[in-house]
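Visitor: Following this message is one structure expressed as structure tokens.
Please treat every number below as a calculation from the coordinates, not as lab data. Keep in mind the model is a prediction, meaning the values are calculated, not measured. Virtual Cβ from ideal backbone geometry, glycine too; neighbours counted across all protein chains shown.
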Amino acid sequence: MGEIPGAYYKAFDISSYDDENLIYDDEFETLAEGLAAVKLSKVKKSKIRAQWSNSIIVKVFGRTVGFHFLHSKISSLWNPGGRLDVVDLGKDFFLVRFRLKEDLDKVLKGGPWYIGEHFLTLRPWVPNFRPSMASISSVAVLARFPELSIEYYDAEVLKEIREAIGPILRIDSHTASGSKGRYTRVCVQIDLEKPLIKEVVIDKLYQQVQYEGPHSFCFSCGRIGHKKETCQYKIRKPKIHGESPSSPSSKENKEDSLVREDNDDYGPWIIRTKSVGPQS
């Protein structure tokens with residue numbers, strides 16, 4: 001796959017740690033009785049945070065794993081050239097520190113990564129990270145455009161198509177076997193709060209989009225992370241026993257309730273079995 005310069009660092013908001021941009025309060029506000037204040041100098045803060053500059057925070061999306069299991073899996077998956085330390089932060093979050101920056105770069109640019117059939121989510125380490133306050137908002141996935149018409153294999157057109165579905169992290173364009181036709185594949189960062197883009201309209205052509213690897217996908221709302229049977233986004237009209245749809249109480253209940261009813265616009269075609277290995 002072709003690397004897009006700076007794409008991963010922009011998508012994951014990873015930059016060199018700069019203490020000059022941090023806010024340091026010289027004085028604390030008046031504390032309530034029973035509270036005590038600890039003031040750390042700028043030098044001290046810089047010192048204790050510098051050791052974590054080559055670190056990321058990971059969590060297996062949709063699955064709880066133990067410390068030893070995760071350590072073993074990512075060690076064999078990433079095969080770092082230097083030492084790799086793992087710290088259990090709680091709430092299924094783990095901090096991974098690389099002794100070599102080259103290993104960190106390889107991991108960031110080599111995704112998406114999976115533990116079994118589940119996404120391994122990555123985020124940069126930040127000061128004052130609290131697992132109980134954290135949530136997963138995005139993951140990197142592989143998307144492809146099957147049987148894309150030949151005239152659209154133009155660099156500028158492909159760029160517009162890819163950017164329509166989300167921030168592009170990596171690109172892979174090639175010709176598949178004759179039976180599958182041509183397709184272009186990209187590594188894209190998706191927002192977990194939004195439905196997956198199922199089609200891209202190019203001029204008057206509706207181009208299908210397929211995604212590799214999601215283990216848990218809802219064919220009702222189009223989001224990753226749950227199945228149709230437990231979908232919280234699909235809200236059906238309430239049924240009231242003993243009343244006709246035109247009765248007054250039924251109408252009042254209808255006014256006071258969310259009555260959106262979605263159609264199942266997604267199907268198994270949108271999900272493809274992920275390729276073996278993160279980059280194949």
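Visitor: Where does the charge balance sit around K59 when Lys and Arg score +1, Asp and Glu -1, over other residues with C-beta under 12 Å from its C-beta?
Guide: Summing Lys/Arg as +1 and Asp/Glu as -1 gives +1.
Visitor: Based on Cβ point charges of +1 for Lys and Arg and -1 for Asp and Glu, what charge dipole magnitude is obtained for region 46-119 about its Cα centre, in debye rounded to the nearest 20?
Guide: Value, rounded to 20: 240 debye.
Visitor: May I ask for the Rg/Rh ratio of region 60-108, computed from Cα atoms with Rh as the Kirkwood radius, given to two decimals?
Guide: That ratio equals 0.96.
Visitor: May I pose another question? Which net charge results when you count Lys and Arg as +1 and Asp and Glu as -1 among the other residues whose beta-carbon is under 11 Å from that of S137?
Guide: My count for the surroundings of S137 gives 0.
Visitor: Quick one, can you get me the convex hull of the C-alpha atoms of region 62-209 expressed as volume per residue in Å³?
Guide: Output value, Cα hull per residue: 150 Å³.
Visitor: Going by how many other Cβ atoms sit within 10 Å of their own, how do D88, D203 line up, fewest first?
Guide: D203, D88
Visitor: Then there is this: Pairs to check: K45/K91; K73/K106; K42/K106; K159/K227; K73/K101. Give those whose C-alpha atoms are more than 23 Å from each other in this structure.
Guide: K45/K91; K42/K106; K159/K227
Visitor: Now, a different point. Among bridges DSSP assigns within region 77-165, what percent are antiparallel (round to 5)?
Guide: Here the antiparallel bridges make up roughly 100 percent for region 77-165.
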